[in-house]
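What follows is one structure encoded as structure tokens, with my remarks underneath.
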Amino acid sequence: MLITCPYCGPRDVIEFTYQGDGNRERPDPASQNFEAWNAYVYDRLNPAGDHNEIWQHSGGCRAHLRVVRNTLTHEISSVAFVRGDHSSAARRKAEDKP
Amino acid sequence: MAEYSALSLLANAFKGNKDWKPAWRKPDPKASYDVIIIGGGGHGLATAYYLAKEHGITNVAVLEKGWLGSGNVGRNTTAVRSNYLLPANTRFYEHSMKLWENLSHELNYNVMFSQRGCLNLAHTPAQFDDYARRGNAMRHLGVDAELMTPAEIKRLIPALDISSDARFPVVGGLMQRRAGTARHDAVAWGYARGADRRGVDIVENCEVTGFLRDGDRVTGVTTSRGDIRAKKVAVAVAGSTGRVMQLAGVETMPIESHVLQAFVTESLKPFIDTVVTFGMGHFYMSQSDKGGLVYGGDIDGYNSYAQRGNLPIVDEVMSEMLALFPGLARVRMLRSWGGVCDMSMDGSPIITMGPLPGMYLNCGWCYGGFKATPASGWCFAWTIAKDQPHDFNAPFTLDRFHRGLVIDDKGQGANPRLH
Ligand SMILES: Cc1cc2nc3c(=O)[nH]c(=O)nc-3n(C[C@H](O)[C@H](O)[C@H](O)COP(=O)(O)OP(=O)(O)OC[C@H]3O[C@@H](n4cnc5c(N)ncnc54)[C@H](O)[C@@H]3O)c2cc1C
Ligand SMILES: [Zn+2]
């Protein structure tokens, strides 16, 4: 599996660390909304198909990346820096991919 | 007369082995059943068997999208043990162990259960203390556990380097002698035959594509072979849990699907007669009855429904194997394969009623559910038949996450990829 880091170019997956599901939205630390925290910690969409996820290029530039990867074929359709697309609108967009 | 006995073997041998019956029929699905079980893996088949045998519920169908044993039950590395730390786990897995100890007899089917022991190696004093704690917890609940010194370990596994120059010196180990291995395919086939002979329909090549509903209540399934109604629908689909639950409109689960790989070498002369696990990484190995070394390590570690793995883990597992047994460097690897595991958020399974009325759910086995097969089927059958859990599976609910009652043996939740 190759991941094309927007900064470093195509690199072997061994340089990257999986940081998990990218769909989750961390509630405001001050929030006491129990359901939101519960969903953030435990609930997963776990799709068979395109999955929005976070990887760190830990063996390279160390940037955190938002990757859309197909969980059936391991095909990667987009990679972007997490920083710069913080908005939940951007996240939703990745989620909405068929 | 038992179907398989010395006498039946002899009689059939003289008749050219032409009179053996198929181990299970190939019925077409009926229009309705009392219970439908989705998933013809070890757990689904064991559930059907115990529903029929323990509860007299025989109007049951097991629906399998592929062929029996095509899922994880035929892909695992066959290790069976009950050496857990937390009481809920220990009780459940020890119930399983007791069922294993009588399984070949019970099913009249040789599942080749071999109590060759399972040894966890410790490489630091702290790790050894941790194993002592776990061993004590096990013995409290009546499960066998034994601490071993390096010298004892050397006698058991001569190929292991226990000198202080070893890459990871061995400080000691925790041994469960009653643990071991079983022939995984035979477990599926034995349960299948046992269920079939009691009237259960095992329907292969029948994929569940959706659920029939009456309001909230599940009343059956749609399949690639037509609609089938049922009073109760049980889901036991291991790595496909996320997908199948989405068909029922349950969008999120405390589960991620990850791939786990396994490996086997060419056949060797007897090399190791126990299951051994490496405490410095994640590696375990045993030797099959054919002589191949069977081994594995970590999951690939990111969501995957592909029943194949990627190279970095192959590399990692091989290097761990060589750290323990440098002498195996020139042994050839024969095969590797992957299976999809439903990794739960606390590393423990879910065996429960619901989450919808009329539905029953068995999932979250992570990479360790083969050893659970008998108890999983036994408890799930109990839950389906009586509409309440048995004491053994009462803690393994779906809403335990929500209620803060996680069963986290490894202390690594809520990170499914770390279990
Ligand atoms: C490589 C590997 C090594 C392992 N090693 C061990 C080990 O040493 N010890 C241990 O205890 N555990 C081990 N495990 C875990 C263990 O194999 C599983 O936890 C356990 O087998 C899961 O239960 P099962 O047998 O019912 O699952 P499966 O055999 O996977 O059964 C689920 C079935 O559901 C079917 N299905 C899915 N979707 C549908 C649908 N829509 N309609 C109809 N049918 C469907 C699938 O085809 C499959 O046959 C290992 C797993 C892997 C992958
Ligand atoms: Zn980079």
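Which of the three applies to segment B:282-419, rounded, prolate or oblate, going by the alpha-carbon gyration tensor with a ≥ b ≥ c and a/c under 1.5 meaning rounded? Note, shape of segment B:282-419 comes out prolate.
Across peptide A:30-39, the mean count of Cβ atoms from other chains lying within 10 Å of each residue's own Cβ comes to 1. Distances between placed amide hydrogens fall under 5 Å for residue A:5 paired with A:11, all partners being 5 or more residues away or on another chain. Which part of segment B:105-148 falls in the paramagnetic zone of residue B:155, meaning amide N under 16 Å from the point 7 Å along Cα-to-beta-carbon? Correct set: B:146-148.
Taking Cβ separations below 4.7 Å as the criterion for a possible disulfide partner, the isolated cysteines in chain A are A:61.
Only four residue types carry charge here, +1 at the Cβ of Lys and Arg and -1 at the Cβ of Asp and Glu. Report the dipole size of segment A:2-87 about the Cα centre in Debye, rounded to the nearest 20.
Numbers: 8 positive and 11 negative charges, 49 e Å.
That gives segment A:2-87 a dipole magnitude of about 240 debye.
Computed FRET efficiency, Cβ-Cβ of residue A:17 and residue B:18, R0 45 Å: what is it to the nearest 0.05? It comes out at approximately 0.15. The distance between label points at residue B:214 and residue B:55 comes to 1.9 nm (points 7 Å beyond Cα on the Cα→Cβ vector).
With a 10 Å cut-off around each Cβ of A:14-24, the average count of Cβ atoms from other chains is 3. Gyration tensor analysis over the Cα atoms of the protein assembly as shown returns equivalent ellipsoid semi-axes of 35, 33, 22 Å (largest first, whole Å). Rounded if a/c is under 1.5, else prolate if a/b beats b/c, else oblate: with a ≥ b ≥ c from the C-alpha gyration tensor eigenvalues square-rooted, which is segment B:95-165? Because a/c hits 1.5 or more and a/b fails to exceed b/c, segment B:95-165 counts as oblate.
For residue B:173, the residues whose amide H sits under 5 Å from its own are B:122, B:148, ignoring neighbours fewer than 5 places away on the same chain, with H placed 1.01 Å from N. Looking at the protein assembly as shown, the DSSP beta bridges with both ends there are about 80 percent antiparallel.
Quick check: residue separation of residue B:268 and residue B:252 times 0.36 nm, minus the Cα distance between them. What number comes out in nm?
Details: separation 16, 0.36 × 16 = 5.76 nm, distance 4.59 nm.
So the chain would gain 1.2 nm between residue B:268 and residue B:252.
Cross-link pairs exceeding 23 Å in C-alpha to C-alpha distance, out of B:53/B:231; B:26/B:371; B:30/B:232; B:53/B:410; B:15/B:290; B:53/B:290, comprise B:26/B:371; B:53/B:410; B:15/B:290; B:53/B:290.
Which FRET efficiency value, to the nearest 0.05, do you get for residue B:25 and residue B:386 by plugging their Cβ-Cβ distance into 1/(1 + (r/R0)^6) with R0 = 25 Å? Efficiency for this residue pair is about 0.35. Placing +1 on each Lys and Arg Cβ and -1 on each Asp and Glu Cβ, with no other charges, gives chain B a dipole about its Cα centre of roughly 920 debye. Between helix B:184-197 and chain B there is an angle of about 20 degrees, using the helix long axis and the longest principal axis of the Cα atoms. Counted over chain B, the DSSP beta bridges are approximately 70% antiparallel.
3J(HN,Hα) along segment B:50-63, derived from phi through the Karplus expression 6.51 cos²θ - 1.76 cosθ + 1.60 where θ = phi - 60°, amounts to 6, 4, 6, 7, 8, 10, x, 9, 10, 7, 10, 10, 9, 9 Hz, with x in place of Gly and Pro.
Give me the percent of the accessible area of segment A:2-87 that comes from carbon and sulfur atoms, probe 1.4 Å, all protein chains in place.
On the way: 2260 of 4370 Å².
Solvent-exposed carbon and sulfur of segment A:2-87 make up 52 percent of the total.
Mean separation of Cα pairs under 8 Å and 6+ residues apart, divided by the residue count of chain B: what relative contact order is that in percent?
Averaging sequence separation for qualifying contacts and normalising by length gives 22 percent for chain B.
Compute a Gaussian network model of chain B, connecting alpha carbons closer than 10 Å, and tell me which residue from B:158, B:22, B:326 fluctuates the most. It is B:22.
Scalar couplings 3J(HN,Hα) for segment B:21-28, obtained by applying the Karplus form with A = 6.51, B = -1.76, C = 1.60 to θ = phi - 60°, are 7, x, 5, 8, 6, 10, x, 6 Hz; x denotes Gly and Pro.
Can you quote the Å³ per residue value for the convex hull of the Cα atoms in segment A:2-87, rounded to an integer? Spell out each step's value before the answer.
Details: hull volume 8.8 nm³, N = 86.
Convex hull of Cα atoms, per residue: 102 Å³.
Dividing the radius of gyration of the alpha carbons in chain B by their Kirkwood radius gives 0.97 for Rg/Rh. When the Gaussian network model of chain B links Cα atoms closer than 10 Å, the mean-square fluctuations of B:115, B:261, B:127 top out at B:127.
Shape summary of segment B:32-142, radius of gyration then Dmax from alpha carbon positions: 17.7, 59 Å. If you build a Gaussian network model of chain B, linking Cα atoms that sit under 10 Å apart, which residue out of B:107, B:99, B:311 swings the most? Sorting by GNM fluctuation, first place goes to B:311.
Under a 5 Å amide H cut-off, with hydrogens placed 1.01 Å from N, residue A:20 pairs with A:54 among residues at least 5 apart or on other chains.
Here's the picture: a label point sits 7 Å out from the Cα of residue B:307 along the beta-carbon direction, and within segment B:172-200 the residues with their amide nitrogen under 16 Å of it are B:184-186, B:188-189.
Summed for both chains, how many Å² of accessible area, to the nearest 100, are buried between B and A with a 1.4 Å probe?
Values: alone 18150 and 6450 Å², together 22360 Å².
Result for this pair: about 2200 Å² buried.
The values are calculated or read from the model by the stated rules, or taken from the named source; none is laboratory data. This structure is a prediction, so every number in the text was calculated from the model and none was measured. We place every Cβ from the backbone using ideal geometry, glycine too, and count neighbours over all the protein chains shown. When the accessible area is computed, the model is the full protein with side chains, heavy atoms only, and any ligands, DNA or RNA have been set aside. Shrake-Rupley method; radii C 1.70, N 1.55, O 1.52, S 1.80 Å.
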